[in-house]
Amino acid sequence: MVDITSVGSYVTPYAVMLLQIIGSAVIGFLIGWDRYSKSKPAGIKTYMYVCASCCLITLISIHSVVHFSEMSDNIMMDPMRLAAQIVSGLGFLGAGVILKDGFNVTGLTSAAMIFFVGGVGISIAAGFYGLAVTAVIVTILLARVGNLIEEKMDGKVS
């Protein structure tokens, strides 16, 4: 069994791919924990599965190009084709957590976060760790600020 996968001149050790899966699962878990603690529609397991599965599918997509293109010179593959399909699936999954009761709509933030955590998984798999970590930190901080602003504007904080 081959222990490395190469993309162009870059070689990704199998251990790095395992760490990418673990890292995306942990990040998804932490985001899900935050949502669960607020009694939101999607929780710990949902976010963990979404983030880890997006990472896994993207890794397969990226690294299968090299694997299958070595079989024949005539095979042309797009490494981001599966990642593009993830976006459609995330939209479908996100729609499932949006609930409407008369004029009240709930679950929009959960749907957006499912989409976001999918993007985090994709970015980790593609090797954009700095972008993924920065996106998570910035969105968490701005979400906290947004909560404070909304509470103040709703008159809950004097």
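Could you go through segment 87-94 and let me know if any residue there is touching a strand residue (DSSP E or B) at 6+ places or on another chain (Cβ under 8 Å) and either at pLDDT 90 or above or crowded, with 18+ Cβ neighbours inside 10 Å (or both). Walk me through it before giving the result.
If we filter segment 87-94 for residues that are touching a strand residue (DSSP E or B) at 6+ places or on another chain (Cβ under 8 Å), which is where we start, we get none.
Checked against the condition, which is being touching a strand residue (DSSP E or B) at 6+ places or on another chain (Cβ under 8 Å) and either at pLDDT 90 or above or crowded, with 18+ Cβ neighbours inside 10 Å (or both), segment 87-94 yields no hits at all.
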Test result for Lys45, surrounded by fewer than 16 Cβ atoms within 10 Å (Cβ to Cβ), touching a residue at least 12 places away in the same chain (Cβ under 8 Å), more than 20 Å from Leu82 (Cα to Cα) and not hydrophobic (A, V, I, L, M, F, W, C): yes
Residue ID - farthest from Ala143 (Cα to Cα), chosen from residues in segment 97-108 that are in contact (Cβ under 8 Å) with a residue 12 or more places away in the chain and surrounded by fewer than 16 Cβ atoms within 10 Å (Cβ to Cβ): Leu99
Hits in segment 1-30 (condition: buried (at least 16 other Cβ atoms within 10 Å of the Cβ), at pLDDT below 85 and closer than 13 Å to Gly127 by Cα): Thr12
Filter result for Ile62 (surrounded by 16 or more Cβ atoms within 10 Å (Cβ to Cβ), aliphatic (A, V, I, L, M), in contact with a strand residue (DSSP E or B) (Cβ under 7 Å, 6 or more places away or on another chain) and touching a residue at least 24 places away in the same chain (Cβ under 8 Å)): yes
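Take the residues in segment 88-109 that are of a type in the set (A, V, I, L, M) and more than 18 Å from the chain's Cα centre (by Cα), then tell me which one is farthest from Tyr49 (Cα to Cα). Spell out how you get there, then give the answer.
So in segment 88-109, the residues of a type in the set (A, V, I, L, M) come out as 90, 93, 95, 97-99, 105, 108.
This time we only want the ones that are more than 18 Å from the chain's Cα centre (by Cα), so: 98-99, 105.
On the way: Ile98: 19, Leu99: 21, Val105: 25 Å.
Only one residue fits best here, namely Val105.
Looking only at residues that are basic (Lys, Arg) and part of a helix (DSSP H, G or I) in segment 144-158, which one is farthest from Ile62 (Cα to Cα)?
Within segment 144-158, the subset basic (Lys, Arg) is 144, 152, 156.
Applying the additional criterion that residues be part of a helix (DSSP H, G or I) yields 144, 152.
On the way: Arg144: 35, Lys152: 46 Å.
Of everything passing the filter in segment 144-158, Lys152 is farthest from Ile62 (Cα to Cα).
Here is a yes/no grid of residues against (1) more than 19 Å from Ile122 (Cα to Cα); (2) among the hydroxyl-bearing types (Ser, Thr, Tyr):
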| site | (1), (2) |
| --- | --- |
| Gly32 | no, no |
| Lys38 | yes, no |
| Ala42 | yes, no |
| Cys54 | no, no |
| Ser72 | yes, yes |
| Pro79 | no, no |
| Ala84 | no, no |
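The values are calculated or read from the model by the stated rules, or taken from the named source; none is laboratory data. Please read these numbers as outputs of a predicted model, since none were measured by experiment. Positions of Cβ are generated from backbone atoms using ideal geometry, with glycine treated the same way; all protein chains shown enter the neighbour counts.
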